[in-house]
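Colleague: Structure provided below as structure tokens; questions to follow.
The numbers here are math on the coordinates, done by the rules we state, and not lab data. Worth saying up front: this structure is predicted, and the values here are computed from it rather than measured. Neighbour counts are summed over all protein chains in view; Cβ atoms, including those assigned to glycine, are modelled from backbone coordinates with ideal geometry.
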Amino acid sequence: KNQVEQSPQSLIILEGKNCTLQCNYTVSPFSNLRWYKQDTGRGPVSLTIMTFSENTKSNGRYTATLDADTKQSSLHITASQLSDSASYICVVSVILYGNKLVFGAGTILRVKS
Amino acid sequence: DAGVIQSPRHEVTEMGQEVTLRCKPISGHNSLFWYRQTMMRGLELLIYFNNNVPIDDSGMPEDRFSAKMPNASFSTLKIQPSEPRDSAVYFCASSRLPHGYTFGSGTRLTVV
């Protein structure tokens, strides 16, 4: 069983609409949770980083939430744009082994006009 | 800041050939990571170095894979001999823990 599970696997929305991506994790001991955006053919780019004591973190139209009790996180995208089409990867950092990253499989988002 | 620089961007090679991927981390970062990404398995950590020393290489799939970091500004990932199942995108990332990672643009490897 994957230690970081994301849903949905893929999503298609219309430009201007909002969407929410989900991430559930079982990794412990937990250091921090990150959301990355990966455009096709590019490396992942960090959107947000949250420690266990943070409930929410925003970066422009991206807002991430974290519930460390239920081990759930979400990434909300507001007023989507065509350039938001990408893979969004939830990543949990493990305290041991120098903050080793455990990656989710990602959610592929496609924004249509 | 030029970011993490990887070369080549694309590599096509024949089965059995040696392949060397290169990475230049961000100056001042003390940790370097090699990842492999495929559609089937997503992003997988192969090996990571801290202060040029390999710390965890448990993700290296076989003895055909080797990685070196001779100094703080350069690392290589070598596959010898290469096989078609090694075809993937290989990412290098660097970090100055505990801050965020920065990924390179990746090397797309195709072994035919």
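Colleague: In chain B, what percentage of the DSSP-assigned beta bridges are antiparallel, given to the nearest 5?
Modeller: 90
Colleague: Quote the relative contact order of chain A in percent (integer), defining contacts as alpha-carbon pairs under 8 Å separated by 6+ residues.
Modeller: Averaging sequence separation for qualifying contacts and normalising by length gives 37 percent for chain A.
Colleague: Looking at the protein assembly as shown from every direction and averaging, what is the projected area of its Cα convex hull in nm²?
Modeller: 12.4
Colleague: Separate question: Mind checking which lysines have their Cα closer than 21 Å to the Cα of A:Lys112? Skip sequence neighbours fewer than 8 apart in that chain.
Modeller: Output for A:Lys112: A:Lys17, A:Lys37.
Colleague: Quick one: 3J(HN,Hα) in Hz for the range B:8-25, Karplus 6.51/-1.76/1.60 with θ = phi - 60°, rounded, Gly and Pro as x.
Modeller: So the J values, rounded to whole Hz, are x, 6, 9, 9, 10, 9, 8, 3, x, 7, 7, 10, 10, 9, 10, 8, 10, x.
Colleague: Averaged across orientations, what area in nm² does the convex hull of the alpha carbons in chain B project?
Modeller: 6.5
Colleague: Could you give the dipole magnitude of the protein assembly as shown about its Cα centre, charging the beta-carbon of Lys and Arg +1 and that of Asp and Glu -1, in debye to the nearest 20?
Modeller: Roughly 380 debye, rounded to the nearest 20.
Colleague: Hey, which aspartates and glutamates would be in cross-link range of B:Lys78, C-alpha to C-alpha under 16 Å, not counting anything within fewer than 8 residues on its own chain?
Modeller: Within the straight-line limit of under 16 Å, B:Lys78 reaches these aspartates and glutamates: B:Glu11, B:Glu14, B:Glu18, B:Asp57, B:Glu62, B:Asp63, B:Asp86.
Colleague: With charges only on Cβ, +1 for K and R and -1 for D and E, what is the dipole size of the range A:5-113 about its Cα centre, in debye, rounded to 20?
Modeller: The dipole of the range A:5-113 has a size of about 240 debye.
Colleague: Would you be so kind as to identify which of B:Ala93, B:Met60, B:Ile79 lies farthest towards the positive end of the dipole of chain B, taking Lys and Arg as +1 and Asp and Glu as -1 on Cβ and the Cα centre as origin?
Modeller: Sorting the options by dipole projection puts first B:Ala93.
Colleague: So for chain B, averaging the separation of alpha carbon pairs under 8 Å that are six or more residues apart and normalising by length, what relative contact order in percent results?
Modeller: Once divided by the residue count of chain B, the mean separation gives 38 percent.
Colleague: Taking every Cα atom in chain A, find the radius of gyration and the maximum pairwise distance Dmax, and write them in Å.
Modeller: Using the Cα atoms of chain A, the pair Rg, Dmax is 13.5, 44 Å.
Colleague: Any chance you could check the Cα centroid distance between the range B:53-112 and the range B:1-34 for me, in angstrom?
Modeller: That distance is 7 Å.
Colleague: About the Cα centre of the range B:51-99, how large is the charge dipole given +1 on each Lys and Arg Cβ and -1 on each Asp and Glu Cβ? Please answer in debye to the nearest 20.
Modeller: With Lys and Arg at +1 and Asp and Glu at -1, about 220 debye.
Colleague: Using modelled amide H (1.01 Å from N, peptide plane; none on Pro or chain starts), what sits under 5 Å from the amide H of B:Asp56, excluding residues fewer than 5 places away?
Modeller: B:Tyr48
Colleague: Another question about this same structure. Farthest toward the dipole's positive end in chain A, which of A:Gln72, A:Gln22, A:Asn55, given Cβ charges of +1 (Lys, Arg) and -1 (Asp, Glu) about the Cα centre?
Modeller: Most positive-ward Cα: A:Gln22.
Colleague: At 7 Å along the Cα-to-beta-carbon direction for both B:Asn71 and A:Gln81, put a label point, then send me their distance in nm to one decimal.
Modeller: Result for the modelled spin labels: 4.1 nm.
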